[in-house]
Each structure stands twice: as structure tokens, then as C-alpha cells.
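Reading through the C-alpha cells given below for one structure.
The values are calculated or read from the model by the stated rules, or taken from the named source; none is laboratory data. The model shown is predicted, which means the values in this text are computed figures rather than measured ones. So basically every Cβ, Gly included, is an ideal-geometry build from the backbone, and we count neighbours across all protein chains shown.
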Ligand code: HEM
């Protein structure tokens, strides 16, 4: 094939590549169209933190669950419709993702200040950064300019989001698919420095790790007893426990806990038991500044994930403005 024939393919490939890696996003995207956007988001997140401290962690988790499934496009925020099974009821999200009302409040405040200007996808990115900054973690500049998706897929979420049973090798491979390194993955897992998880997510490791009928041997005995009490066999699996010893503070306690066998989730503890990730856990447990730097970098990379699909700015983060039929008519 001559070079001339290949040229259109090459152009499409390059175009896709720039979209997928978030080339069109930039800091201060709303500085002219909605100069108050970032301060409004921060103000609403402060309110949420005061009203319910855990809610900011729950909002921050949305960035992970949004960006991994077809890019950061606020697909995770869409409610199901008769024609669309969205992500809210997927395996990892059902009875687990929460604090969607905080995003609704932010959107409402932004719509008052600058109607149909700031995307829900960008709200998730700004609010996640604010969750970290407001709980004592680093503060960084976010890139903005995302569009909101016109659809969502429960199946895609089921296919992609990792289970708390996952081990380090699986997680390394999964994150690699999203251009995230081993260091990025370990640092991003440090998001579990804030927030809580359900007994549902740890029952297997307390009573039947890998089908052994026994607890995970990596669990430090007194911590295991504490979890046994919180999550007894046959008990309510919606009861929640702290993901680290300081669940309202974004710090490196999470990594210190992993070193002492006090990781809540199997997917957390495996980062210390596995040789491939242990050195990063040790490093972050000893050097909080290094953890903060790596975390920021990981969050920016996570925020760069884009699907390249058509999008819009939603009026309401839970529903699309344009019906799929309108989109078809455009072609
Ligand atoms: C490395 C793979 C990961 C796995 C397997 C994982 C899994 C989980 C699970 C099972 C829970 C508890 C859910 C429940 O029991 O209802 C949880 C909570 C949480 N996750 Fe992850 N997660 C991972 C990475 C991340 C990343 C990258 C972020 C953010 C950047 C994140 C943020 C959070 C937060 C903040 C919570 C607490 C939420 C709350 O209190 O409502 N996680 N995660």
C-alpha cells in the first residue's frame, strides 16, 4: 500500500490517540465562561464535608469508577432509563457508590452561576481533587474541558471494575491497560486513606480466603478479631468499617496499616504481600510527600482517560439532554 493510501488511517489513529490521552483538556478551562466554577465546587464540597465527613471520600471514588469505564464522561452519574441499563447497578457500584446528591448540589449551584457551561464530568474531577485537599492531602491543578456522555453501560462497568478480591498482579495488568504504571496503581490505591467499605467486601477474606475455609493469613490477628466482631458470619453485610486507621484524614496511614497487616480490603493488603508492589508501599509509608506527589500524578493521568465519543453539557447530571434519536438525526 502506498504511503498516500495509509495517510487517512494514520490521521485517524493520531486523532484517536490525542483524544484517548486527554490532549484537549487544559487547566483553567472555565476562566472566561465561568470564572467562579472551581471556587463553587470547593465551597459545595466544604459543605458536604461538614454535613457528612464520609461523603467527600464517596465523591472521590466516583472519579475512579467514571474514568475507568469509557473515560471520564460522567457516565457513572446517569440513572437507568427504560432503554438504558447504566452503571449505577453494576456489580461494583450497587449498594456501594454513594453521595450522588453532593454532585447534584454542586451542579445546581453551577447552573445558577453559569447555565449549561460546566460539564458533570469536570465536576467529578474538581470535586475529587477537593475531597483530597479538604481532608489534609495535596492540592493540585486539574485539567478541564470534558463533555458528558450520552449513554452508560452496566455491562462495561461489570467488565472493567476490579473486585476487592483482586490481587496485585491482576491490578497491575488492569491499570496498565489504562496507561497507569505500577507506581500509579499503588499510589491511587492510597485513595483508601479516606472512607469506608462494607462487610460484604471483606467477608470472604475473614472466613474463606481463596476457598480455604480460613481467614487471610496476611491479616494481623488483633485487627482480624476487630473485623470479625464488626462483620460476624451471617451478620448484616452492609455494616461499614474504616479503610484505614484515620478515615477522615488523607495521609499515608493507609500504607503504614498495610505494612502492619491492617489493610481492610484484600486488594489493599495484597499490595504489601506481593513482591511486585511491596517496595512502593514501604516507600509511601515512610515518605508522605512522595505519596502525595505520586497520587497527584496518578489522579491527573486517571483524569486524562477519554473515550473520544460524542458528548454534551448536561443540565442535570443524572439524565442526558439529547435523546439518542436526536444524535442519530445529526448524521
Ligand atoms: C486498585 C483497585 C481498587 C479496588 C479493587 C477498589 C475497591 C474498593 C472497594 C471494594 C471499596 C469498598 C466498597 C464497599 O464495600 O461498598 C472501595 C472504596 C473506596 N474506593 Fe476503591 N478500589 C480501588 C481503587 C480505587 C481508586 C483508584 C480510587 C480513587 C482514585 C478509589 C477510591 C475509593 C474510596 C474513596 C473509597 C471509600 C468510599 C466511601 O467511603 O464511600 N478506589 N474501593
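Output the number of the condition that residue 301 fails; it satisfies all remaining conditions of (1) within 13 Å of the ligand (Cβ to nearest atom); (2) crowded, with 23+ Cβ neighbours inside 10 Å.
Unmet condition: (2).
Can you name the condition, by its number, that residue 158 falls short on among (1) surrounded by fewer than 17 Cβ atoms within 10 Å (Cβ to Cβ); (2) in contact (Cβ under 8 Å) with a residue 24 or more places away in the chain; (3) more than 22 Å from residue 308 (Cα to Cα)?
(3)
Filter segment 224-237 down to the residues that are buried (at least 16 other Cβ atoms within 10 Å of the Cβ) and either at pLDDT below 95 or away from the ligand (no atom under 16 Å from the Cβ) (or both) and list them by number.
224
Within segment 238-255, is there a residue that is exposed (fewer than 14 other Cβ atoms within 10 Å of the Cβ), over 21 Å from the mean Cα position of the chain (by Cα) and within 15 Å of the ligand (Cβ to nearest atom)?
Checked segment 238-255: at least one residue is exposed (fewer than 14 other Cβ atoms within 10 Å of the Cβ), over 21 Å from the mean Cα position of the chain (by Cα) and within 15 Å of the ligand (Cβ to nearest atom).
Do you know which residues across segment 27-72 are within 16 Å of the ligand (Cβ to nearest atom) and either outside any helix (DSSP H, G or I) or exposed (fewer than 14 other Cβ atoms within 10 Å of the Cβ) (or both)?
51, 52, 53, 68, 69, 71, 72
Mind checking which residues of segment 256-265 are in a helix (DSSP H, G or I) and either crowded, with 23+ Cβ neighbours inside 10 Å or not assigned by TED's automatic domain parsing to the domain that holds residue 197 (or both)?
Within segment 256-265, 257, 258 meet the criteria.
On the basis of being within 26 Å of the chain's Cα centre (by Cα), modelled with pLDDT of 95 or more and farther than 30 Å from residue 49 by Cβ, does residue 270 make the cut?
Spelling it out, residue 270 is indeed within 26 Å of the chain's Cα centre (by Cα), modelled with pLDDT of 95 or more and farther than 30 Å from residue 49 by Cβ.
Which residue, of 233, 258, 227, is within 20 Å of residue 182 (Cα to Cα) and touching a helix residue (DSSP H, G or I) at 6+ places or on another chain (Cβ under 9 Å)?
Only one candidate passes the filter, namely 258.
Conditions tested, residue by residue: (1) within 12 Å of the ligand (Cβ to nearest atom); (2) touching a helix residue (DSSP H, G or I) at 6+ places or on another chain (Cβ under 7 Å).
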site	(1), (2)
142	no, yes
149	no, yes
160	yes, no
163	yes, no
167	yes, yes
170	yes, no
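Residue-by-condition table, conditions (1) assigned to a helix (DSSP H, G or I); (2) touching a residue at least 60 places away in the same chain (Cβ under 8 Å); (3) in the same structural domain as residue 80 (by TED's automatic domain parsing); (4) within 12 Å of the ligand (Cβ to nearest atom):
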{"site": "106", "(1), (2), (3), (4)": "yes, yes, yes, no"}
{"site": "109", "(1), (2), (3), (4)": "yes, yes, yes, no"}
{"site": "118", "(1), (2), (3), (4)": "no, yes, yes, no"}
{"site": "125", "(1), (2), (3), (4)": "yes, yes, yes, yes"}
{"site": "128", "(1), (2), (3), (4)": "yes, yes, yes, yes"}
{"site": "180", "(1), (2), (3), (4)": "no, yes, no, yes"}
{"site": "183", "(1), (2), (3), (4)": "yes, yes, no, no"}
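Against the definition (within 13 Å of the ligand (Cβ to nearest atom), assigned by TED's automatic domain parsing to the domain that holds residue 77 and crowded, with 19+ Cβ neighbours inside 10 Å), how does residue 132 come out, yes or no?
Taking the combined requirement at face value, the residue satisfies it.
From 188, 174, which residue is within 12 Å of the ligand (Cβ to nearest atom), part of a helix (DSSP H, G or I) and either farther than 18 Å from residue 297 by Cβ or out of contact with any helix residue (DSSP H, G or I) (no Cβ under 6 Å at 6 or more places or on another chain) (or both)?
Result of the check over 188, 174: 174.
Yes or no: segment 226-235 includes at least one residue that is touching a strand residue (DSSP E or B) at 6+ places or on another chain (Cβ under 7 Å), part of a helix (DSSP H, G or I) and assigned by TED's automatic domain parsing to the domain that holds residue 293.
The answer is yes, given that some residue of segment 226-235 is touching a strand residue (DSSP E or B) at 6+ places or on another chain (Cβ under 7 Å), part of a helix (DSSP H, G or I) and assigned by TED's automatic domain parsing to the domain that holds residue 293.
Looking at (1) assigned by TED's automatic domain parsing to the domain that holds residue 59; (2) more than 17 Å from residue 71 (Cβ to Cβ), which is the one condition that is false for residue 173?
Single failed check for residue 173: (1).
Can you find a residue in segment 272-285 that is assigned by TED's automatic domain parsing to the domain that holds residue 183, touching a helix residue (DSSP H, G or I) at 6+ places or on another chain (Cβ under 8 Å) and assigned to a loop (DSSP other than H, G, I, E, B)?
yes
Restricting attention to segment 209-223, does a residue exist that is surrounded by fewer than 19 Cβ atoms within 10 Å (Cβ to Cβ), in contact (Cβ under 8 Å) with a residue 24 or more places away in the chain, within 8 Å of the ligand (Cβ to nearest atom) and farther than 19 Å from residue 284 by Cβ?
So far as segment 209-223 goes, no, none of its residues is surrounded by fewer than 19 Cβ atoms within 10 Å (Cβ to Cβ), in contact (Cβ under 8 Å) with a residue 24 or more places away in the chain, within 8 Å of the ligand (Cβ to nearest atom) and farther than 19 Å from residue 284 by Cβ.
Tell me, yes or no, whether segment 320-330 has at least one residue that is surrounded by 17 or more Cβ atoms within 10 Å (Cβ to Cβ) and away from the ligand (no atom under 16 Å from the Cβ).
Yes, segment 320-330 contains a residue that is surrounded by 17 or more Cβ atoms within 10 Å (Cβ to Cβ) and away from the ligand (no atom under 16 Å from the Cβ).
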